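Peer 1: Structure in structure tokens, see below.
The values are calculated or read from the model by the stated rules, or taken from the named source; none is laboratory data. Predicted model only: the values in this text are computed from it and were never measured. Here Cβ is always computed from backbone atoms with ideal geometry, including for glycine, and neighbour counts include all displayed protein chains. For accessibility, only protein heavy atoms count, side chains too; no ligands or nucleic acids. Shrake-Rupley method; radii C 1.70, N 1.55, O 1.52, S 1.80 Å.
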Amino acid sequence: VFDFYCPYGDDLMIASMVQGPMVKYIGWGQPRSVYFGQPWRDAFRGHWGTFRFFGLTFFSQFGWTQPAGRWIAEGTRELRGGVGKLLMGARRQLGPVAILYSYPSMIATAAAGVWVEKGNAHLMWRPANWSRDAFEAMLLQSGQSFGYLTEAQVESGALRDKKLLIIPHFMGIALREETCAAVRKFVEQGGLVVADLAPAVCDSHGKLLKRGGLDDLFGVSRESFGYAQRTADYLVGVTEDDPIAPRTGWWVGEWYEKGLKVTDGKALGKHW
């Protein structure tokens, strides 16, 4: 995991990739709400258990149980029996929404920052990953149960029971021709596709294409490919902490494509 095949900490993506027991680590020094709430959150995301780092945070050097140790026992009691234990062994039932998973796109996005600022490999990786996180948060807030589908799964027909496919830039910049064909077929059969930035502008090796693999689907063209960003006036933040938008977060105002043109598509917004 660890930011290589999957961004660190993304439980929902991992749950889509792993068909077997999963556990989630909760470290030391967390508030009481984390020890009580996170095991339930993990159970609803497909984890089969949790594990902890048992150091002096949980048991003192003199043998008594620290508050965090008591919280673990109390917070997991209902998950160790009855309905809670039944939940731990349950299988998540996914809704009609899927997010595309593309490992080549993850790598290409990490490298794409050098097109904007030479030597800054994180420049596009961070905002692209934040945008993907925002998609996840919006789906969760609306009560949708969703999963990730790999390119191979999409090509083999896994979209047949789906209604909406989301292609974040983080997972869509470098797609195979076969994947693009499957996405077009999905739309022809009544499916809806949403992409946030530059879908399939590269092939699966990260080579920039003369014409994007999904340009005809979205009704766009481009003279040349390039990123652009709004100025600091468009950076946003919050004044009160929120689980989705903490005050310590970095919020990128807006990234967009320079040179993007509408062909037979319909523009719903405009840069001015």
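Peer 1: Please work out the average accessible area per residue across the chain, using the 1.4 Å probe convention, and give it in Å².
Peer 2: Result: 59 Å² of accessible area for each residue.
Peer 1: Please name which of T57, S131, I99 has its Cα lying farthest along the dipole of the range 40-188 towards the positive end, using unit charges on Cβ (Lys, Arg +1; Asp, Glu -1) and the Cα centre as origin.
Peer 2: Looking along the dipole axis, the top candidate is T57.
Peer 1: Quick one: net charge around D264, please, counting Lys, Arg +1 and Asp, Glu -1 for every other residue with C-beta under 15 Å from its C-beta.
Peer 2: +3
Peer 1: Set the Förster distance to 25 Å, then compute FRET efficiency between K258 and V187 from the Cβ-Cβ distance, nearest 0.05.
Peer 2: 0.45
Peer 1: Something else: What FRET efficiency do you get for E240 and E178 if R0 is 51 Å and r is their Cβ-Cβ distance, rounded to the nearest 0.05?
Peer 2: The calculated FRET efficiency here is 0.65.
Peer 1: At 0.36 nm per residue, and after removing the present C-alpha to C-alpha distance, how many nm does the segment from A267 to Q229 gain when stretched out fully?
Peer 2: 11.8 nm
Peer 1: Note down the nm distance, to one decimal, between modelled labels 7 Å out along Cα→Cβ at V194 and at V18.
Peer 2: In this crude spin-label approximation the distance works out to 2.8 nm.
Peer 1: Please give the contour-minus-distance gain from E117 to T248: 0.36 nm per residue of separation, less the Cα-Cα distance, rounded to one decimal in nm.
Peer 2: So the extension gain works out to 44.7 nm.
Peer 1: Compare the peptides 72-80, 192-200 by average per-residue count of other Cβ atoms within 10 angstrom and give them in order, highest first.
Peer 2: 192-200, 72-80
Peer 1: Of all accessible surface on the chain at a 1.4 Å probe, what whole percent is carbon and sulfur?
Peer 2: 57
Peer 1: Sticking with this structure for a sec: Between Q30 and L208, how high is the FRET efficiency from 1/(1 + (r/R0)^6) when r is the Cβ-Cβ distance and R₀ = 35 Å? Nearest 0.05.
Peer 2: The pair Q30/L208 has a calculated efficiency of 0.20.
Peer 1: Shifting gears a bit: Decide, for the range 30-188, between rounded, prolate and oblate: order the square roots of the alpha carbon gyration tensor eigenvalues as a ≥ b ≥ c, take rounded if a/c falls under 1.5, and otherwise choose prolate if a/b is larger than b/c, else oblate.
Peer 2: The shape class here is oblate.
Peer 1: Stretched out fully, how many nm does the piece from R92 to Y5 gain, at 0.36 nm a residue minus the Cα gap?
Peer 2: The R92-Y5 span can extend by a further 29.1 nm.
Peer 1: Same structure again: For the range 73-83, what does the Karplus curve 6.51 cos²θ - 1.76 cosθ + 1.60, with θ = phi - 60°, yield as ³J(HN,Hα) per residue in whole Hz, taken in order and with x for Gly and Pro?
Peer 2: Calculated HN-Hα couplings, in order: 4, 6, x, 10, 4, 6, 7, 9, x, x, 4 Hz.
Peer 1: Let me ask something additional. List the residues, sorted by chain then number, that are 5 or more residues from Y101 or on another chain and whose placed amide H is less than 5 Å from its amide H.
Peer 2: Amide H to amide H, under 5 Å and 5 or more residues apart or across chains, Y101 pairs with L149, T150, E151.
Peer 1: Evaluate the relative contact order of the chain (contact order divided by residue number), counting alpha-carbon pairs under 8 angstrom at least 6 apart; express in whole percent.
Peer 2: 13
Peer 1: Same structure, new question: Roughly how many nanometres apart are two label points built 7 Å out from the Cα toward the Cβ at A152 and F51?
Peer 2: Reported label-point gap for A152 and F51 is 2.6 nm.
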